[in-house]
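Asks: The structure that follows is given in the form of structure tokens.
No value in this document is a laboratory result; all are computed from the given coordinates. Everything numeric here is computed off the predicted structure, so don't read it as measured data.
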Amino acid sequence: MGSAGERDDSRHALLSKARPVQQTSVEAFVGHRHESRDRPSPPRSEFGTYQVKELEVDSALTDCSLPSRCWSLNPYTGCSHDCAYCYVPDVAHLERGNWGDYVVAKTNLPRKLEHELKTKPRRSVFLSSATDPYQPAEDRHRITRRSLELLVREGWPVLILTRSPLVERDLDLLTQLEDVAVGMSIPTIDDEARQVLEPTAPPIEGRLNAISALADAGLEPFVNVAPAYPLTNGIRPDEVAEAIADAGAAEVFLSRWRYLDDVVPVLADRVDGSIYGDFVDAVQDESYYDRLLASLQGAFRRAGIPLRRM
Ligand code: SF4
């Protein structure tokens, strides 16, 4: 994360317009996790603080970059999950230096969405292309939930991708949608590696439990193993596939690391002094990744889960 002392929000195109709300921590997320006894809460000491700001936006739905025609709906700008490999600063032309330090809640987004659902062409709505719609700020701001209520009312198709078990809160809405796909990002099953590369994102066990909850609700969840971490701590491809299959995933999407020019320096900084120093070479080694993805593909085939390479 960038240092608050170095940050000059007045030069940031979006932060300069946003209204500060509070300094907060991931308390909201931890509080949610306490509701379930089988999901261990991560130690508080792993989490820093991030700024939460509020902003009114001019529109809700934006063109989506996925191959299929869809709309993107991003309830927040910024993401406190702060993944080392996040591609958003690159594609959205945001400063990488303070990515993870701030979250801007788009407070009027549901009101804008309500209007646009009546005036824009009906397409699938992707939550979200440039943020995690269920990051900790959602527990308090509920912009994703209020948007889903509108999408349910109008019956639009919805695609959700998250790293957070907070998605379980909205099962009552998700199960009302006729056309819905819900996915969980699980790029590794090694939670120690996760703590190095995405320290403020939910632990892997919670994500696997969330897949089970989604599957139990009949939602046929998918899992994104993207970008796949190098295999660590002696974990075998079959163990990855079995963990995700046992959780109840219906389909898996697999990818290698992208935006290496920008991501590798962040990765090098995160793994410095850890046992994951060789990640820096591994993610840039095409032949290693060809073998890794092929072995994961074989493992998922043996586990009986359809897999697509992205
Ligand atoms: S959860 Fe997604 S948007 Fe958030 S930091 Fe990670 S990759 Fe980026």
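Asks: To the nearest 500 deg cm²/dmol, what mean residue ellipticity at 222 nm is calculated for the chain from DSSP H runs of n ≥ 4 alone, each contributing -39,500 (n - 2.57), summed and divided by the residues?
Replies: Counting only the DSSP helices, I get -10000 deg cm²/dmol.
Asks: Residue 309's amide H: which non-local residues (gap 5+, or another chain) put their own amide H closer than 5 Å, with H modeled 1.01 Å from N in plane and none for Pro or chain starts?
Replies: Answer set, sorted by chain and number: 254.
Asks: Further, regarding this structure: Hey, can you grab everything whose amide H is under 5 Å from the amide H of residue 124? Only 5+ residues off in sequence or another chain; H modelled, so Pro and N-termini drop out.
Replies: Those qualifying (amide H under 5 Å, at least 5 residues apart or on another chain) are 71.
Asks: A further question follows. Hey, which lysines would be in cross-link range of residue 53, C-alpha to C-alpha under 21 Å, not counting anything within fewer than 8 residues on its own chain?
Replies: 17, 106, 112
Asks: Which whole-number value in Å³ per residue fits the convex hull of the alpha carbons of the stretch 13-309?
Replies: Expressed per residue, the convex hull around the Cα atoms of the stretch 13-309 is 126 Å³.
Asks: Amide H to amide H, which residues 5 or more places from residue 54 or on other chains are under 5 Å from it, using H placed in the peptide plane?
Replies: Here the answer is 19, 21, 105, since their amide H atoms fall under 5 Å of that of residue 54.
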